[in-house]
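Okay, structure first, notes after.
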Amino acid sequence: MYFPAEHLLDRLQISAAELSDFEQKGIVKGIPKAGRFFYSSRDMYRLRGILLFMTRGLPLEEATRRVDHPAEEVAPGNRG
């Protein structure tokens, strides 16, 4: 499913400038259609996870890694 940019801005409570910045960094990829940009549900959920980690103090690169590779977080033998 695809959503217009306005939907992402509203759902994720980010500005158009922030969305543009994430797109320039390759975090999300908008699809232009009829003069508007649309984003996949995968983009929305991925960006939501990244933003969550960033609100907890992680830099963008680390937040992206944790969302993209969650299985790497706990190495075998290091479980509490």
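The values are calculated or read from the model by the stated rules, or taken from the named source; none is laboratory data. Predicted model only: the values in this text are computed from it and were never measured. Note that each Cβ is placed from the backbone with ideal geometry, even for glycine, and that neighbours are counted across all protein chains shown.
Overview of results
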{"quantity": "Selection from region 23-32 of residues that are among the small types (Gly, Ala, Ser) and farther than 14 Å from Phe3 by Cα", "calculated": "Gly26"}
{"quantity": "Check on Gly26, within 11 Å of the chain's Cα centre (by Cα) and exposed (fewer than 12 other Cβ atoms within 10 Å of the Cβ)", "calculated": "yes"}
{"quantity": "Only listed residue being surrounded by 15 or more Cβ atoms within 10 Å (Cβ to Cβ) and without any contact (Cβ under 8 Å) to a residue 12 or more places away in the chain, chosen from Leu58, Leu8, Leu12, Leu19", "calculated": "Leu58"}
{"quantity": "Test for Val67: is it touching a residue at least 12 places away in the same chain (Cβ under 8 Å), within 11 Å of the chain's Cα centre (by Cα) and outside any helix (DSSP H, G or I)", "calculated": "no"}
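Conditions tested, residue by residue: (1) at pLDDT below 95; (2) within 15 Å of Met1 (Cα to Cα).
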| residue | (1), (2) |
| --- | --- |
| Ala17 | no, no |
| Asp21 | no, no |
| Ala34 | yes, no |
| Ser40 | no, yes |
| Leu52 | no, no |
| Arg56 | no, no |
| Gly77 | yes, no |
| Gly80 | yes, no |
